[in-house]
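The values are calculated or read from the model by the stated rules, or taken from the named source; none is laboratory data. Model, not experiment: these values are computed from the prediction. Here the Cβ positions follow ideal geometry from the backbone for every residue, glycine too, while neighbour counts run over all protein chains shown.
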Amino acid sequence: MGALGFDDFKEFLKFRAGNRADWSAGGDSSLNYFGIWTNSAYRQLCTQDGILGLKKKLYFPQLMTNTTKTTTDGTAYVSAPTGVLYITEVFDTTHGLKLDKISWKEYIEYTDRTTTASEGDPTEWVRYGTSIYLHPTPQTTGDTMTVYYKKLVADLSGTQTTDIGAEWDDVIVELATHKMFTWMHEQVEAKISKEAFLEMAVGLAGLYDLEDRDLDKSLGPSMAYINR
């Protein structure tokens, strides 16, 4: 988790704004603009696949998690996890099987998906809305599906710290500062803070790729070449 608390982020922004006290009225309420810009920057950083100006993808291992869902005989789906951004894998823990991801088009073209006689142990999955549809439709109640996914971050309040590493705290400050100056129509200051944000973020965006250096990959270009 991060090192700076929500209160710290707001104080940094307040200082950047020349200690304007009128923008911090209302504590954690919707009237606290420093809090609004902080949470907006935090959400943007954690939900975007990439950021304009950066070639590298953004990846936060702290936001990757999993939960279990239980099948019901004759019900074609299980509910998607609460607070999910996207799902990466579905694994049938009961039978030790990784399910294949298919498209919604492929799923609805299965003519047996609503046929009781065609129920079985699921081998495929697709997310639609707030549900994860399984094919074949489960024939058993109580089978466990482990769902791996990236979670959405919740807005900060009080003295809460972020769910991502402390190394991103300064990046959030700069992105929030950019948002603040853009809102104020201070284009010069907004440009400066944006450049500072990009300079910090580019050095961290591929940081976790370093964990792959010890992998034996005899084919394909290196991550350093791909992200050049």
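Which one of the conditions (1) outside any strand (DSSP E or B); (2) of a type in the set (Lys, Arg); (3) surrounded by 13 or more Cβ atoms within 10 Å (Cβ to Cβ) does residue 127 fail to meet, given that it meets all the rest? Residue 127 satisfies every listed condition except (1). When the criteria are applied in full, residue 38 fails the requirement of being at pLDDT 95 or above and surrounded by fewer than 15 Cβ atoms within 10 Å (Cβ to Cβ).
Would you mind finding the one in 156, 134 that is in contact (Cβ under 8 Å) with a residue 40 or more places away in the chain, surrounded by 17 or more Cβ atoms within 10 Å (Cβ to Cβ), part of a loop (DSSP other than H, G, I, E, B) and not assigned by TED's automatic domain parsing to the domain that holds residue 45? Before the answer, list the steps.
On the way: 134 fails: part of a loop (DSSP other than H, G, I, E, B).
Being in contact (Cβ under 8 Å) with a residue 40 or more places away in the chain, surrounded by 17 or more Cβ atoms within 10 Å (Cβ to Cβ), part of a loop (DSSP other than H, G, I, E, B) and not assigned by TED's automatic domain parsing to the domain that holds residue 45 holds for just one of 156, 134, which is 156.
Does residue 72 satisfy the criteria of being in a strand (DSSP E or B), outside the structural domain of residue 175 (by TED's automatic domain parsing) and at pLDDT 95 or above? Steps first, answer last, please.
On the way: in a strand (DSSP E or B): no; outside the structural domain of residue 175 (by TED's automatic domain parsing): yes; at pLDDT 95 or above: yes.
So residue 72 does not fit the description; no.
From the list 185, 178, which residue is of a type outside the set (D, E, K, R), in the same structural domain as residue 201 (by TED's automatic domain parsing) and loosely packed, with under 14 Cβ neighbours inside 10 Å?
Numbers: 178 fails: loosely packed, with under 14 Cβ neighbours inside 10 Å.
Among 185, 178, only 185 is of a type outside the set (D, E, K, R), in the same structural domain as residue 201 (by TED's automatic domain parsing) and loosely packed, with under 14 Cβ neighbours inside 10 Å.
Condition test on residue 96, is it on the phi > 0 side of the Ramachandran plot and modelled with pLDDT of 95 or more? Lay out the reasoning, then the answer.
Numbers: on the phi > 0 side of the Ramachandran plot: yes; modelled with pLDDT of 95 or more: yes.
So residue 96 fits the description; yes.
Among the residues of region 1-30, those that are at pLDDT below 80 and part of a loop (DSSP other than H, G, I, E, B) comprise 25, 26, 27, 28, 29, 30.
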